[in-house]
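*Asks:* Got a structure for you, written out below as structure tokens; questions coming shortly.
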């Protein structure tokens with residue numbers, strides 16, 4: 001075997017995804033699940049009257065995990081068929097059961113049902129990590145719910161918001177993603193025992209035309225794996241639309257992560273907010289002063305990859321001719337694992353980033369002081385009018401002062417002196433500038449919105465996933 005350093009290995013496993021997610025899509029998990037599917041099929045067939053002995057069942061049960069992968073590789077080279085290779089490998093390990101392994105089944109019985117079981121486990125893992133990110137974002141939002149900051153539309157200064165309210169916006173998108181993942185889990189259907197083209201003809205033959213036993217077989221096997229929902233009809237495979245829906249949910253998480261991390265990158269440029277930066281971390285090999293947002297950049301890069309994957313399952317589902325065509329296999333072997341591995345990596349990085357976000361209040365306040373005078377002009381105008389001034393003449397005075405101050409900022413690079421100009425205008429002498437310039441007067445209900453969002457939306461999630469919160473993440477790089 002070639003030295004492992006001489007061949008390509010996936011960065012998704014080496015640099016991003018967790019060990020637990022990587023193992024879900026490993027060979028051991030896949031093929032031991034195949035063996036469990038063959039065992040439960042044999043058990044159900046025995047209970048329904050087929051000539052399968054207890055000794056055969058026992059021998060199968062004794063060899064669910066001790067897979068001879070080298071032997072399976074030799075068989076696959078001989079047969080050019082992965083399922084038959086593992087049928088023979090399992091039969092060699094459990095020779096008494098060899099005659100009845102895979103009885104009545106088609107390859108998709110093990111292939112498809114195993115894929116569904118693994119996707120179910122992977123979605124469950126994703127859901128717990130999503131809940132962890134939501135928990136951390138909500139904690140950050142609550143801590144900073146009343147801290148005023150510049151809001152931006154078109155990346156131009158707009159009305160004030162709060163640091164916490166902005167974090168609540170990020171958090172809510174992940175809440176929407178969690179709902180979608182949970183919906184996918186709740187509605188995921190087992191392929192079950194359907195036969196070669198989905199007609200169950202082989203099982204009807206085995207049970208000598210007894211339709212009731214065939215239906216019971218389908219329910220018994222599916223129930224053995226905890227599935228209450230079974231595909232009511234299939235061709236040879238479960239509907240490939242299922243894969244499209246699952247990867248679509250993963251792509252939605254990637255979109256939310258991309259949005260969050262792009263925002264953090266923008267705020268890092270403004271020096272208002274930063275991802276955690278470790279004591280010995282190097283930001284740039286050339287520029288020693290740099291503190292690049294490299295973790296958020298990794299997330300946006302991985303997110304783009306997942307977004308690009310979302311189209312493949314849709315095209316695969318579209319290409320399934322009649323009862324099935326095999327061009328799905330080579331594609332889904334790559335797309336499904338890599339979508340899960342990438343999103344798992346994204347959530348690992350986000351857990352680290354969100355749990356260590358650094359806020360710079362003085363920079364935020366300086367930016368507010370630079371822009372608030374312009375934003376406060378309407379309130380200044382109203383205060384002066386209430387004090388007995390003429391609205392039209394006051395409006396004109398404020399307009400002239402505003403343009404003069406803007407000229408100082410834009411053309412001369414000087415500080416915004418609008419307030420000094422307005423204070424010096426006798427027409428505005430009655431205005432209480434301290435009250436008018438208090439940033440808290442411009443954040444509306446942002447603090448209350450954050451509190452209500454956490455109470456109404458986040459608290460039930462925290463309660464549901466309480467055992468999985470506060471995970472510690474150790475990033476590989």
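*Asks:* Given the condition assigned to a loop (DSSP other than H, G, I, E, B), within 29 Å of residue 332 (Cα to Cα), more than 29 Å from the chain's Cα centre (by Cα) and modelled with pLDDT under 95, answer yes or no: does some residue in region 55-78 qualify?
*Replies:* No, that holds for no residue.
The rows are residues; the columns are (1) surrounded by fewer than 20 Cβ atoms within 10 Å (Cβ to Cβ); (2) in contact with a helix residue (DSSP H, G or I) (Cβ under 8 Å, 6 or more places away or on another chain).
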{"site": "11", "(1), (2)": "yes, no"}
{"site": "17", "(1), (2)": "no, yes"}
{"site": "24", "(1), (2)": "no, yes"}
{"site": "28", "(1), (2)": "yes, no"}
{"site": "39", "(1), (2)": "no, yes"}
{"site": "49", "(1), (2)": "yes, yes"}
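*Asks:* Counting only residues that are in contact with a strand residue (DSSP E or B) (Cβ under 8 Å, 6 or more places away or on another chain), give me the helices (runs of 4 or more DSSP H) lying completely in region 326-387 with at least 2 of them.
*Replies:* Passing ranges, in order: 361-375.
*Asks:* Tell me which residues, restricted to region 184-201, are in a helix (DSSP H, G or I) and surrounded by 19 or more Cβ atoms within 10 Å (Cβ to Cβ).
*Replies:* Of everything in region 184-201, just one residue is in a helix (DSSP H, G or I) and surrounded by 19 or more Cβ atoms within 10 Å (Cβ to Cβ), namely 184.
*Asks:* Filter region 316-325 down to residues that are in contact (Cβ under 8 Å) with a residue 40 or more places away in the chain and assigned to a helix (DSSP H, G or I) and give me whichever is nearest to residue 304 (Cα to Cα).
*Replies:* Going residue by residue through region 316-325, those that are in contact (Cβ under 8 Å) with a residue 40 or more places away in the chain are 316-317, 320, 322-324.
From what is left, the residues that are assigned to a helix (DSSP H, G or I) are 316-317.
Values: 316: 20, 317: 22 Å.
The selected residue is 316.
*Asks:* Considering only region 410-436, how many residues are out of contact with any helix residue (DSSP H, G or I) (no Cβ under 6 Å at 6 or more places or on another chain) and either under 12 Å from residue 374 (Cα atoms) or in contact (Cβ under 8 Å) with a residue 60 or more places away in the chain (or both)?
*Replies:* Result for region 410-436: 0.
*Asks:* Could you list all residues from region 420-440 that are assigned to a helix (DSSP H, G or I), surrounded by 12 or more Cβ atoms within 10 Å (Cβ to Cβ), modelled with pLDDT under 90 and under 49 Å from the mean Cα position of the chain (by Cα)?
*Replies:* Matches in region 420-440: 433, 436.
*Asks:* If we scan region 275-296, do we find a residue that is farther than 24 Å from residue 163 by Cβ, in the same structural domain as residue 351 (by TED's automatic domain parsing) and at pLDDT 95 or above?
*Replies:* Scanning region 275-296, I find no residue that is farther than 24 Å from residue 163 by Cβ, in the same structural domain as residue 351 (by TED's automatic domain parsing) and at pLDDT 95 or above, so the answer is no.
*Asks:* Can you tell me which residue among 215, 165, 259 is closer than 27 Å to residue 129 by Cα, modelled with pLDDT of 95 or more and surrounded by fewer than 19 Cβ atoms within 10 Å (Cβ to Cβ)?
*Replies:* After applying the criteria, what remains is 259.
*Asks:* Which of the residues spanning region 88-110 are part of a helix (DSSP H, G or I) and in contact (Cβ under 8 Å) with a residue 40 or more places away in the chain?
*Replies:* Within region 88-110, 90, 108, 109, 110 qualify.
*Asks:* Let me ask something additional. Can you tell me which of 450, 385 is touching a residue at least 60 places away in the same chain (Cβ under 8 Å) and in contact with a helix residue (DSSP H, G or I) (Cβ under 8 Å, 6 or more places away or on another chain)?
*Replies:* Result of the check over 450, 385: 450.
*Asks:* Considering each of 5, 35 in turn, give the residue that is free of Cβ contacts under 8 Å to residues at least 60 places away in the same chain, closer than 30 Å to residue 343 by Cα and surrounded by 15 or more Cβ atoms within 10 Å (Cβ to Cβ).
*Replies:* Going through 5, 35 in turn, just one is free of Cβ contacts under 8 Å to residues at least 60 places away in the same chain, closer than 30 Å to residue 343 by Cα and surrounded by 15 or more Cβ atoms within 10 Å (Cβ to Cβ): 35.
*Asks:* Could you list all residues from region 133-154 that are farther than 30 Å from residue 437 by Cβ and surrounded by 22 or more Cβ atoms within 10 Å (Cβ to Cβ)?
*Replies:* 133, 134, 135, 136, 137, 138
*Asks:* Are any of the residues in region 33-48 within 29 Å of residue 215 (Cα to Cα), assigned to a loop (DSSP other than H, G, I, E, B) and not assigned by TED's automatic domain parsing to the domain that holds residue 294? Talk me through it step by step, then tell me what you get.
*Replies:* Here is the first cut: in region 33-48, the residues within 29 Å of residue 215 (Cα to Cα) are 33-48.
Filter again for assigned to a loop (DSSP other than H, G, I, E, B), leaving 48.
From the residues that got through so far, the ones that are not assigned by TED's automatic domain parsing to the domain that holds residue 294 too are 48.
Yes: one or more hits.
*Asks:* Let me ask something additional. For the subset of region 318-349 comprising residues that are modelled with pLDDT under 95 and crowded, with 17+ Cβ neighbours inside 10 Å, which member is nearest to the chain's Cα centre (by Cα)?
*Replies:* The residue in question is 332.
*Asks:* On the phi > 0 side of the Ramachandran plot and not in a helix (DSSP H, G or I) - does that describe any residue in region 159-172?
*Replies:* No - not one qualifying residue is present in region 159-172.
The values are calculated or read from the model by the stated rules, or taken from the named source; none is laboratory data. Keep in mind it's a predicted model, so treat the numbers as computed, not measured. Note: ideal-geometry Cβ built from the backbone for every residue, glycine included; neighbour counts use all protein chains shown.
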